[in-house]
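The values are calculated or read from the model by the stated rules, or taken from the named source; none is laboratory data. All figures in this text were calculated on a predicted structure; none of them were measured in a lab. Cβ sites come from the backbone with ideal geometry, for glycine too, and all protein chains shown count toward neighbours. The protein model used for the area step is the full one, side chains on, heavy atoms only, and it has no ligands, DNA or RNA in it. Shrake-Rupley method; radii C 1.70, N 1.55, O 1.52, S 1.80 Å.
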Amino acid sequence: MAVCLLLVLGAVAPASLSLSGGISSPTLPAEGCTCHGGGKPGAVTPHLDGVPSQYEPSKVYQLNISIEGGPPIGGVNAGGFNLAATGGAFLSLNETTQVFPSGEIGHTTAGNNQRAWVVQWTAPAETDKVVDFRLLTNAVDGSASPDAPDQWNRATAQSMGPDASAPTTSTELIDGPTAFVLLAMAMLAIVVYALIPKGWSKEDFYQTIWAYLTTTDHKRVGMLYIATGFAFFFLGGIMALLIRVQLAFPENDFLSPSQYNQAFTMHGTTMIFLAAMPIIFGFANFVVPLQIGARDLAFPRINALGYWLLPAGASIIYLGLFTGGTGDVGWTGYPPYSESPTSQSPGTQLWVMGQVLLGISSTLTGVNFIATIMTLRAPGVTLLRVPLFTWSILITVFLLLLAIPVLTIALVMLLLDRLIGTAFFDPSKGGDPVLWQHLFWYFGHPEVYIVIIPAFGVVSEVTATMARRPIFGYRSMVYALVGLGALSYIVWGHHMFTSGANPLFRFLVMFTTMLVAVPTGIKIFNWLATLTGGALVLNTALLFSVGFIATFTMGGISGMFLASIPIDLHFHDTYFVVAHFHYVLFGGTIFAFLSAVYYWYPKITGHFLNERIGLVHFLGTFVGFNVTFYPMHELGLLGMPRRTAFYVAGRGLEFDNLLATVGAFILAVSSALLAVNIVYSRRNRVQAKDDAWESGWSLEWVTSSPPPEHSFLKIPTLLVQSEVEPLPEEQGSPEANPAIGSGLTAAALPKRSRRRTKGSP
Amino acid sequence: MPGAGTPFNEVFPTFLWFSIAIGVFVAVWLCLNLILFRTPKGTKRRRPKDAPKPGMFPHHRGNLRLELLWTVIPSLIVAYLTFATLAPLDEVWGTPDNPVRIQVTGSQWVWAFTYENGTTSYAHLDVRCGVAYEARITSTDVIHSLFIPQYGVKEDAVRGVDTKLTFTPTETGTFPILCAEYCGLSHAAMQATLTVHGPCPSG
């Protein structure tokens, strides 16, 4: 622990001067010292001579350390080293070396202008120890130019006591994080196994797999999306747990900084691109054609292609695991770090490539949905009679189409910078790193709306159906959605309040960001008004939607703080931001889509999920979620920056962090209950009727549960209830209630909608 | 938590009170809904007159006045909060008279502070209480962000760009300086200490 503090003090050097105070740090990478910007591994050869292969207990040995190669010793501060051993003790022989409190030995200011040192090592008194030596060296040209790279490398040696047995590698083979991941994978395998129906032959198995591999049916593609999304939700959750275990205690070393950086990068990328978006597309695929009375999407093959690009892109992103480390640049991938030599984790390349592929997938899907919703609506389904979930998807895919290409372009520019040496974002060659921030957030802010707007759609459906009443203010809900979509394009600058941008730009962005509260407020109050006066069926689907309203309101409110520049200057990039976006993304999107799972499950499978398990699932998720993320507001207030692999004790961060970790495990256990529920409900089927909740109105409740292969036996026509069975107060004229829009009570189906639907298959 | 007198603390309480008011309002309404309108299982479920039916676009439900009400009131709140932010914002962006300049340079993974007299110290900054400081910030490599939680300020260090932030210490002590922009392997270790030396001017 003290070593960590020492690092803080010890990492004191401008670039390209070897560390005059000596190198000593538990956070040095295992590969060697990258202490200076622009470092380059492998160009020097460190030598550690004098280590006996078998030591005599307590004998004193002299060890020679030297660096071969590297730039000529021109100026000062030409080299440095750090030597650690798992046993025995070092002694400094002269003023050029020093022993750190950690027991490691390194150079001093006086020994900073040379490339060879002599130190003394006393072997341990035990006769059965195996001592591992780790030598890190670096060589610098001493020109003090910021571009001059230092060259570093590492060497290892081993010394065994006379009675030591050959070292066993079993303890090294599985470290904590690996064991953790393996355990989780085993659990996933059990769930998958439990989902296989009893009495299945091999042929049944292969037939089902083949059917899914070759399908273009929107329902099956939707299920593939949903299954993939939840699988990655699980994987991203494991990474979240790794992060939380690491941060449970101050100065923890469960993960190395390198592993930690990979973990949060992959957590973010996985949750946004591989979990949230596929789950959304999955439900959109399954539900939207049913809601508008279409037999499939407009382009079913493109739909299948869009899906299959997802596992392809995901595999490329995760291939980094087998190439020496996944991407480690954060999901935002800010250059110049993401193209600097200090981030040459091979996985970063794959991370960029995979995301380009995912971008293509999303763009294809976006086009497909616009075409579908605009042209394939059944008779009677005019645009202002489209269910709110489909409306939300329509807005979402428009955002998608405008936003994703910007990310793809930025990624390609980054790729060119990394591969062929262009300098779009590299300030050392005249590029502009802030340009990336503009491009990324011009995509990134609509992107977060892409994942939250469908959640609004789900909650609108669930609250109305479970209140057994129409949604309150259908039209203002639609207008609010459109308004949110428009606003999402003019607020990106609020991610850049500390980037030194023009004050007028920052002020305008602050104002537009605050404006987001207005349409969001309309939606929240309309949901609340929908519940008021309803006959609430308080089942799991509604509970998750109610949970959504509570947590999303919290997230919206904390967003207001972040919109205000004087407040954001403190909160920016601290845990307050982490709390905020988990409240809107987990408390928002995930809660809403868990609600969607319970709500549409009977339509998808023909049977209900169990309500008792569902209740526990909801309570565990709600409690676990708040225990995890609420304390992060305080961590942000205390000024704990995000993306830090450790924090020092004594700043008051310990309790909140531990609490968040406890909450994360509650969340993990309760999330597993969804799998339990699916398996349980399959074995104890409670059959669902076509209109499973007995108060849904949209066309998916007209067809059977599960729907037939072509979704509808006969394309339905959407009627208008106020014409078929008018309420007493509506029997007069529609003008009796000024709030009633004329379009809602129009006497006949507009001709236009009939024409529109000619293309239905 | 930023100390008293910082721009952060001039706005934060206003936002906090509004948040609590809105949060409590939503929470109370939500809970009342769940308590008052719940129809428990087992009892014969009341079917509202306008209950939706499959295949029929439901009856109109809404109230234009109410919907306008919760469009206008949030707009007013937003307008007020923007207004409340203006004065502190001016303070954040304004330059104090004759500030003492400090050149701050971020490198992986250390902060270097160069004083007006040309001396440079690493990972440590000494300042005097009651004096206005202007830090000019840059980076030699990747993007860093100078973060002083005590004053609730933060500004990115970008190579090739000079950004600045101002602060005026008001109490003596030792405070952390952190890096808030992810900058690589030892990002978490990129910390420095700020020592404020007295005496502080009274009043």
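Computed quantities for the displayed model
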| read-out | value |
| --- | --- |
| Values of log10 I(q)/I(0), in the order q = 0.10 Å⁻¹, for the protein assembly as shown under a Debye, Cα-only, solvent-free model | -1.17 |
| Karplus-derived 3J(HN,Hα), 6.51/-1.76/1.60, for each residue of the range B:68-85, Hz, glycine and proline x | 5, 4, 8, 9, 6, 4, x, 4, 5, 4, 4, 4, 5, 5, 4, 4, 5, 7 |
| Lys/Arg +1, Asp/Glu -1 at C-beta; the protein assembly as shown dipole; positive extreme among A:M640, B:L125, A:G87 | A:M640 |
| Reduction of at least 30 Å² in accessible surface, 1.4 Å probe, comparing all protein chains with the chain by itself, residues of the range B:179-203 | B:A180, B:E181, B:Y182, B:L185, B:H187, B:A188, B:A189, B:Q191 |
| DSSP beta bridge pairing in the protein assembly as shown, given as percent antiparallel to the nearest 5 | 80 percent |
| Rounded FRET efficiency, nearest 0.05, which uses the C-beta distance separating A:E203 from A:R685 and R0 of 22 Å | 0.40 |
| Pair A:L183, A:A89: separation of 7 Å Cα→Cβ label points (nm) | 3.8 nm |
| Added length on full extension, which subtracts the Cα-Cα distance from 0.36 nm per residue, A:W308 to A:L195 | 38.4 nm |
| Delta accessible area of at least 40 Å² on complex formation, residues of the range A:514-528, 1.4 Å probe, chain isolated as reference | A:M514, A:V518, A:I522, A:F525, A:L528 |
| Per residue accessible area of chain A, 1.4 Å probe, in Å² | 36 Å² |
| Entries of A:K219/A:K603; A:K523/A:K689; A:K523/B:K53 with Cα pairs more than 21 Å apart | A:K523/A:K689; A:K523/B:K53 |
| Integer Hz, Karplus 6.51/-1.76/1.60 couplings in order for the range A:581-598, x for Gly and Pro | 6, 6, 5, 8, 8, 7, x, x, 4, 5, 4, 4, 7, 5, 4, 4, 4, 5 |
| Mean accessible surface per residue for chain B, computed with a 1.4 Å probe while every protein chain stays in place, in Å² | 45 Å² |
| A:D49-A:L321 FRET efficiency (beta carbon distance; Förster radius 56 Å; 0.05 resolution) | 0.95 |
| Net length gained if the chain between A:V676 and A:V118 were fully extended (0.36 nm per residue, minus Cα distance) | 194.6 nm |
| Linear extension gain, B:H197 paired with B:V100, 0.36 nm per residue minus alpha-carbon span | 33.5 nm |
| Accessible surface of the range B:66-126, 1.4 Å probe, proportion on carbon and sulfur as whole % | 63 percent |
| Computed accessible area, B:H197, all protein chains, 1.4 angstrom probe, square angstrom | 80 Å² |
| Pairwise FRET efficiency - A:T109 versus A:K59, Cβ, R0 = 22 Å, nearest 0.05 | 0.10 |
| Chain A - percent of accessible surface contributed by carbon and sulfur, probe 1.4 Å | 66 percent |
| Those residues of the range A:313-348 for which accessible area with every protein chain present is at least 20 Å² below the isolated value (1.4 Å probe) | A:Y334, A:P336, A:Y337, A:T342 |
| Low-density loop cleavage sites - GluC sites (Glu not before Pro) in the range A:673-731, where at most 10 other Cβ are within 10 Å (DSSP) | A:E709 |
| The range A:373-489: relative contact order in percent, alpha carbon pairs under 8 Å with at least 6 residues between | 36 percent |
| Over chain B, relative contact order from alpha-carbon pairs under 8 Å, at least 6 apart, % | 19 percent |
| J(HN,Hα) series, the range A:303-311, from Karplus relation 6.51 cos²θ - 1.76 cosθ + 1.60, nearest Hz, glycine and proline x | 4, 5, 4, x, 5, 5, 5, 5, x |
| Length-normalised contact order of chain A in % [C-alpha pairs under 8 Å, at least 6 apart] | 11 percent |
| Between B and A, accessible area buried - total, square angstrom, nearest 100, 1.4 angstrom probe | 9500 Å² |
| Where labels lie 7 Å past Cα in the beta-carbon direction, separation of A:L419 and B:H124 in nm | 4.9 nm |
| Rg over Rh [alpha-carbon atoms, Kirkwood Rh] for the range A:355-419 | 1.17 |
| Where labels lie 7 Å past Cα in the beta-carbon direction, separation of A:R651 and B:E91 in nm | 2.3 nm |
